[in-house]
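The values are calculated or read from the model by the stated rules, or taken from the named source; none is laboratory data. Since we're looking at a predicted model, the values are computed, not measured. Neighbour counts run over all protein chains shown; Cβ positions are idealised from the backbone, glycine included. We work out accessible area using only protein heavy atoms, side chains counted, and drop any ligands, DNA or RNA first. Shrake-Rupley method; radii C 1.70, N 1.55, O 1.52, S 1.80 Å.
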Amino acid sequence: MVSLKTQIAGFSFDNCLMNAAGVACMTVEELEAVRQSSAGTFITKTATLTPRQGNPEPRYHDVPLGSINSMGLPNQGIDYYLDYLLTLQESHPQRAFFLSLVGMSPDETHMLLKKVQNSGFNGITELNLSCPNVPGKPQIAYDFETTERILSEAFAYFDKPLGIKLPPYFDIVHFDQAAEVFNRHPLKFVNCVNSIGNGMYIEDESVVIRPKNGFGGIGGQYIKPTTLANVHAFYQRLDPSIQIIGTGGVYSGRDALEHILCGASMVQIGTALHQQGVGIFERVSLELKAIMAQKGYEKLEDFKGKLKYLA
Ligand code: DHB
């Protein structure tokens, strides 16, 4: 019997696959489709204090090896997602779900976290430190001082399960410095990675998205090697009490297996879910189980983090 069961922050999930924040999670209708699929759980679109329209369209474009987007944080506002999650807690008390949020300023981030802290929400919160698409706002997680300050301030009052969504890092020194910051805080997980920020895709002689003259976050096949390196770098460096969620370049069971080998306890699907719809969870699950059966693995723990190095 092969199982894809996993745990994050002490909550159990029957399947280690779920959506990545930003995909299939803007509305209750989309979230319900993920909830009723083979996915183990879902995460909601990163929420701000008030609803946002986001950037002008076209702002997402599928390309042969992935996607490019500059959505600009369109979302229904924190109350919409919290209200839905509180309703689900009543109807499905045995399941846990993820809520993603970030403020347009540190003050707003604290207002959001305090709202969650003071609500009846008993699921998992993901603080998004890696949105690359709001003009004039740098990615928080590339600024270690600001990251340290926000986490210190947050954990002074926030005591529900909290993790962070990270951008990719590209230098070993940055893995070291980031891990040092994260290890100082009672984080339940880090999620590696958000899109590779500010890429560009050209068709004929033109960019393909309108915001920021075509600069946008890159996802899909392009980013898997960077993702796997980030998952493994943090798996090697973080205290074992901080779990890893792997996100980036997952289209197949083989891709999910690689994330878990690198140390991921949960694997999220973004671009491929956008392109293929919620049926992808069933297909990737079957593929992953087939590879596990072939290798004699019964559960994720049999190979999680057991990446082999060359002698
Ligand atoms: C958006 C993109 C992101 O990568 C993210 O983490 C949050 C928001 C966006 O453009 O909407």
Verdict on E108 being closer than 25 Å to I8 by Cβ and either touching a Lys or Arg at 6+ places or on another chain (Cβ under 9 Å) or not basic (K, R) (or both): no
Those residues of segment 120-139 which are closer than 12 Å to F98 by Cα, open to solvent by 20 Å² or more (accessible area, probe 1.4 Å) and under 18 Å from the mean Cα position of the chain (by Cα), in sequence order: none
Selection from segment 140-159 of residues that are part of a loop (DSSP other than H, G, I, E, B) and open to solvent by less than 40 Å² (accessible area, probe 1.4 Å): F158
In segment 159-177, residue farthest from the ligand (Cβ to nearest atom) [restricted to those that are under 29 Å from N122 (Cβ atoms), of a type in the set (A, V, I, L, M) and free of Cβ contacts under 8 Å to residues at least 60 places away in the same chain]: L162
Leading residue by the ranking (most open to solvent (accessible area, probe 1.4 Å)) among those in segment 27-56 that are under 13 Å from L273 (Cβ atoms) and more than 13 Å from the chain's Cα centre (by Cα): E30
Members of segment 45-68 found to be near the ligand (Cβ under 9 Å from one of its atoms) and either in contact with a Pro (Cβ under 9 Å, 6 or more places away or on another chain) or on the phi > 0 side of the Ramachandran plot (or both), listed by number: K45, R52, G54, N55, R59
Selection within segment 271-297 - surrounded by fewer than 16 Cβ atoms within 10 Å (Cβ to Cβ) and in a loop (DSSP other than H, G, I, E, B): G277, G279, G296
Selection from segment 78-103 of residues that are farther than 16 Å from R149 by Cα and within 16 Å of the ligand (Cβ to nearest atom): I78, Y80, Y81, F98, L99, S100, L101
